[in-house]
Amino acid sequence: MLPNLDYSEMPRALQHMLTRGQGEEAATLPRRKFLKLAGSVGLALGAFPHLAMGQTTNSGQAGNVLKPTQQPLAFVQIAPNGEVTIAVNRLEFGQGVQTGLSMILAEELDADWSLVRSRHGSNDPAYVDPLFGIHLTGGSNSVKNSFTQYRELGARARAMLLGAAAVRWNVDVATLHTEAGSVLGPGGRKLSYGELAEAAMAFPVPEKVTLKSPKDFRIIGRPTTRLDARAKSSGRQPFGIDVHRPGQLTAVVARPPMFGARLTSVDDSAARAVKGVRAVLRVPLDRGAEGVAVIADGYWPAKQGRDALKLEWNTAGVEKVDSEQQLAQYRVLAAQPGARQFDADMAPLATAPRQLEVEYVFPYLAHAAMEPLNCTVALTNDRAEIWTGSQCPGLDGAAVARVLGIKPEQVEVHVQMAGGGFGRRFSSGSDFVVEACEIAKAARAAGLNVPVRTLWSREDDMRGGYYRPMHLHRARIGFDERGKVLAWDHVIVGQSITTGSVFEQFQVKNGIDATATEGMREPYPLPMRLTVHHPKLNVPVLWWRSVGSTHTAFVMETLIDEIARSTKQDPVAYRIQLFGDKNARHRDALQLAVDKSGYGKQQLPAGRAWGVAVHESFQSVVAYVVEASVQDGQPKLHRVTAGVHCNLAVNPRSVEAQIQGAAIMGLSMCLPGSAITLKEGVVEQSNFGDFTVARITDIPTLDVHIVPSAEPPTGMGEPGLPPLAPAFANAIAQLTGKPIRQLPFKLT
C-alpha cells in the first residue's frame, strides 16, 4: 500500500484487493522517523535553505558573493545523528538522478554513504540548471551540467565542517582531515558531521575549493544501488499521483475529441447526481480549447460523474488532421524548395556509379509514461502551492502566477517523484499545470476552498496531445564501388518542436528547428545537402526521449549499413573507416560492443543475423550489436550488446539501467501498433491495448559495457534509445534482403 493514499476514492473491489493482508508496518515509510527528526532540528546545516540566498563568501570583498546555485546551505542538511540529506535540482522520474547527484556531492563531502538521503528541490532560484539558468530536467543534462556544481557544493560544506572542528579543538585546520562522515584530528580526536553541523552553519562559505583527483574517488564510479530502489520495489514510494492534502478533492476533465474544440452545450444533471460529486465546471483548456471539470471526493466518483455528462462540441473551426492525408501532404512538400542546413554540391549525383533513392516514414508517438499526468493545487488569497512531477518547476511556477494573477515568488512548487515522463512533463505552456490551476481557481470561485488534485486517466494521457512529431525523410545518394559517398541530397518534413517555446531563440535558425536535424550527417564526413520543411498542424508536439535522434539515427544508420552491404563491405569495418581519426569515442564504443558480442567470431544459430548501429546524442555515444530473427513473419530481437562512451560513469549501475530502459523503449518503436494515428482530427489510440509497448516476452538479453574514462561525464538518460531500432532493422535486412523504411517495422 502507498502511504497517505485515500483508498476510499477507488472502486470497492480494488480497495479490498489493496488493503487485504496489509498491516501497520507495511504502511509506514522507513524514512518517516528521519524526516520527523530533521524537521524538528532547526540548526542542522541547511535547515534554512533561504539563508543561502544572502550568504557571503569569506573573502570579505564586495562582489564576491556566491550564486544561489553554489551555496551548500540550500543543498545539504545534516541531522544530529549524522544523516545527510542532499537536495537534487532535477526531477527524478526513473533516470537515477537523485542517486547520481547525491553520489557526486557525497564524494567531495566525504560523507558516509550509508547515511545519505536525497530529496527534490523546488522552484527556488537555488535549483536552476547552473549552465542554462532555468529550472530544467531534460536533454540528458542533469549529471553533465551539475557535475562540477555538486562537487563544489560538497567541498564547500566539507570545508565548513573542517573549520568548525578546528575552532572546537583550537587547532590549525591543516592538521585535520575527513573520512566517512567524520572529522579526524591530532591525537585520535574525532567528531561526526552531526556533532559539527550547527557550528559549521555559522562559518562563511568558501568561494574557492580544491576538488579531489579522480584517482581518489571512493563513491563516484562504483556501481551503487539507487537510494529510491527499496521504496519503489516495495511499492512504498509515493508519486505525484499519490498526493493527498487535508480536505483535498479530485478533478477529472472531459476534454474535446479534437484539439482546440469548444463546447456547444452541457447537460450535467446526471453527473451532479453521482454520489460524491461536489461541482461540475466549464473550464478553459490548453490551446484555446474548453472542457468540463467534474470535482468530487475522489477519482472514482469524479470519473463516474464525467461518464454521465452529455456534451456537444463545436468542431467547425478546428483543423481535422488525418494521418493518411497528412502523409500525402508531406510528400508534396518534400518535393518543394525549402530551408537549407547543409548545402553541398549535388552535381556528382548525375554521374555516380551507384545510387539510392529512399523514403522513410515515422509516426506520431505518445510518451505513455506509467504515471499519467497529475497536479495538485492549493490556493489562498495571495499564495499558491503546487504538487506535481515537474521537469521545469520555475517555468511552471511562472505560468501558475500568470493564471492566478499573483507574483512568481508567491508560488511554491513541491516537486514530486514522477513515474516516467520522457519529456511530457515539460511543455513550454505548462499545459497540464495551467489546466489544474484553472480548475482550482474555478472551484474556489464556486465556494470549494480546498486543495484540488487534477488527475488524467490513461486514455486522457494517451489522447492528450504533445506527441513526438510525425516525420518524412527522403534521400538521393550517389556513391562509388568502394562505398565512397559522392553526394547525399536529403529532405526532412516534420513539425517544429521548439517554435513558440522558450527555446526557439536558441534552437530555430534560418527557419530550421535544430531538434529535427540533430544526428544528421555526423560523425560521417558526407557531402550532404539537407532541406527542411516545418508544416504547422493542429496536433501538439513535444520532445520525446532522445528528440530528433529518434528518427535521424534510424535513417543515417540504416543507410550507412545499406551502402556497406551493396558494396560488399563489413558494416563494422565500413563505419570505422568512415570515422577516421576524428571520432575516437564512436570507434571505442563500437569496438567494445563488437568485442563483447562475439561479432565476426561467433557462429549464430540458423535463422539469426547480426545488426549494428552507433550514434551520438547529448554528447554520449552508444553502439549496439544485436542478434535478431524473423519468426512467423514477425521480427524478433534475441540479444543486444551495448558499448557505451559517456566519459566518467558516475554510477555504472545507473548507466546500465538507462541503457536497458532506453533499448526497450527503442524496441517498442519497432513493434506493430506502436504509432499514434489520427482520423478526421480524432486520435485513434487510447490505451496500451492499441498503442504497443514492449512486453516482457519481447525483451532480449541485454549486456551493457562501458568504455573506461576519467573525463567529465556526459548525459545518459536518452542516448541509449536512438541506435536500437536501426541495429534491429539492419539485422532484419540482412535476413530478408529488404531494407526497412518505416517505424514501426513493416516486413510485407
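The values are calculated or read from the model by the stated rules, or taken from the named source; none is laboratory data. Treat the numbers as computed from the prediction; the structure is a model and nothing was measured. No Cβ is skipped: glycine too gets one built from the backbone with ideal geometry, and neighbour counts run over all protein chains shown. Calculation scope for accessible area: heavy atoms of the full protein, side chains included, ligands and nucleic acids excluded. Shrake-Rupley method; radii C 1.70, N 1.55, O 1.52, S 1.80 Å.
Taking the stretch 212-235 as the range and being surrounded by 14 or more Cβ atoms within 10 Å (Cβ to Cβ) and under 22 Å from the mean Cα position of the chain (by Cα) as the test, the residues that pass are THR224, ARG226, LEU227, ASP228, ALA229, ALA231, LYS232.
Looking at (1) in a loop (DSSP other than H, G, I, E, B); (2) open to solvent by 10 Å² or more (accessible area, probe 1.4 Å); (3) acidic (Asp, Glu), which is the only condition GLU152 fails? Only one criterion in (1) in a loop (DSSP other than H, G, I, E, B); (2) open to solvent by 10 Å² or more (accessible area, probe 1.4 Å); (3) acidic (Asp, Glu) is unmet by GLU152, namely (1). Based on what the data block shows, is GLU207 surrounded by 16 or more Cβ atoms within 10 Å (Cβ to Cβ) and assigned to a loop (DSSP other than H, G, I, E, B)? Taking the combined requirement at face value, the residue satisfies it. Here LEU105 meets the list (1) open to solvent by less than 10 Å² (accessible area, probe 1.4 Å); (2) at pLDDT below 85 almost entirely, failing just condition (2).
I'd like to check which helices (runs of 4 or more DSSP H) are fully inside the stretch 455-518 and have at least 2 residues that are modelled with pLDDT of 95 or more, open to solvent by less than 60 Å² (accessible area, probe 1.4 Å) and in contact with a helix residue (DSSP H, G or I) (Cβ under 8 Å, 6 or more places away or on another chain).
Ranges flagged: 514-517.
Inside the stretch 648-686, residues that are closer than 22 Å to GLU324 by Cβ, crowded, with 18+ Cβ neighbours inside 10 Å and aliphatic (A, V, I, L, M) make up a count of 6.
Within the stretch 435-454, being over 13 Å from GLU385 (Cα atoms), among the aliphatic types (A, V, I, L, M) and in a helix (DSSP H, G or I) holds for ILE439, ALA442, ALA443, ALA445.
Let's see how each residue does on (1) acidic (Asp, Glu); (2) assigned to a helix (DSSP H, G or I):
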{"site": "GLY666", "(1), (2)": "no, yes"}
{"site": "SER686", "(1), (2)": "no, no"}
{"site": "GLY689", "(1), (2)": "no, no"}
{"site": "GLU711", "(1), (2)": "yes, no"}
{"site": "GLY720", "(1), (2)": "no, no"}
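Taking the criterion of being in contact (Cβ under 8 Å) with a residue 12 or more places away in the chain and among the hydroxyl-bearing types (Ser, Thr, Tyr), would at least one residue in the stretch 125-132 satisfy it?
Within the stretch 125-132, one or more residues are in contact (Cβ under 8 Å) with a residue 12 or more places away in the chain and among the hydroxyl-bearing types (Ser, Thr, Tyr).
Of all residues in the stretch 324-381, those being in a loop (DSSP other than H, G, I, E, B) and either at pLDDT 95 or above or surrounded by 21 or more Cβ atoms within 10 Å (Cβ to Cβ) (or both) number 19.
Counting only residues that are part of a strand (DSSP E or B) and surrounded by fewer than 17 Cβ atoms within 10 Å (Cβ to Cβ), the stretch 155-183 holds 2 of them. Go through the stretch 390-416 and give me each residue that's in a loop (DSSP other than H, G, I, E, B), touching a strand residue (DSSP E or B) at 6+ places or on another chain (Cβ under 8 Å) and open to solvent by 10 Å² or more (accessible area, probe 1.4 Å). Within the stretch 390-416, ILE406, GLN416 qualify. Scanning the stretch 292-312 for residues that are among the hydrophobic types (A, V, I, L, M, F, W, C) and assigned to a strand (DSSP E or B) turns up VAL292, ALA293, VAL294, ILE295, ALA296, LEU311. Test VAL541 against the stated conditions and say whether it is within 17 Å of PRO719 (Cα to Cα), in contact (Cβ under 8 Å) with a residue 40 or more places away in the chain and either touching a Phe, Trp or Tyr at 6+ places or on another chain (Cβ under 6 Å) or not acidic (Asp, Glu) (or both). No: the conditions fail for VAL541. In the set (1) closer than 30 Å to ASP480 by Cα; (2) assigned to a loop (DSSP other than H, G, I, E, B); (3) touching a residue at least 24 places away in the same chain (Cβ under 8 Å), LYS568 fails one condition alone, (3). Listed conditions (1) part of a strand (DSSP E or B); (2) under 19 Å from the mean Cα position of the chain (by Cα); (3) among the aliphatic types (A, V, I, L, M) are all met by ILE134, apart from (1). Would you say GLY194 is over 27 Å from the mean Cα position of the chain (by Cα), closer than 30 Å to SER457 by Cα and open to solvent by less than 60 Å² (accessible area, probe 1.4 Å)? Spelling it out, it is not the case that GLY194 is over 27 Å from the mean Cα position of the chain (by Cα), closer than 30 Å to SER457 by Cα and open to solvent by less than 60 Å² (accessible area, probe 1.4 Å). Going through the stretch 250-291 one residue at a time, which ones are in a helix (DSSP H, G or I) and open to solvent by less than 30 Å² (accessible area, probe 1.4 Å)? Answer for the stretch 250-291, where residues must be in a helix (DSSP H, G or I) and open to solvent by less than 30 Å² (accessible area, probe 1.4 Å): just ALA271. Applying a threshold of 7 Å to beta carbon distances and a minimum spacing of six or more residues, or different chains, the list of pairs starting in the stretch 698-727 at a residue that is open to solvent by 40 Å² or more (accessible area, probe 1.4 Å) and ending at one that is of a type in the set (Phe, Trp, Tyr) reads PRO712/PHE147.
Checking each residue in the stretch 617-640 for being closer than 25 Å to GLU518 by Cβ and buried (at least 24 other Cβ atoms within 10 Å of the Cβ) picks out SER617, SER620, VAL621, VAL622, ALA623, TYR624, VAL625, VAL626, VAL640.
Tell me, which residue of the stretch 222-248 that is outside any loop (DSSP other than H, G, I, E, B) and either hydrophobic (A, V, I, L, M, F, W, C) or free of Cβ contacts under 8 Å to residues at least 12 places away in the same chain (or both) is farthest from SER122 (Cα to Cα)?
Of everything passing the filter in the stretch 222-248, SER233 is farthest from SER122 (Cα to Cα).
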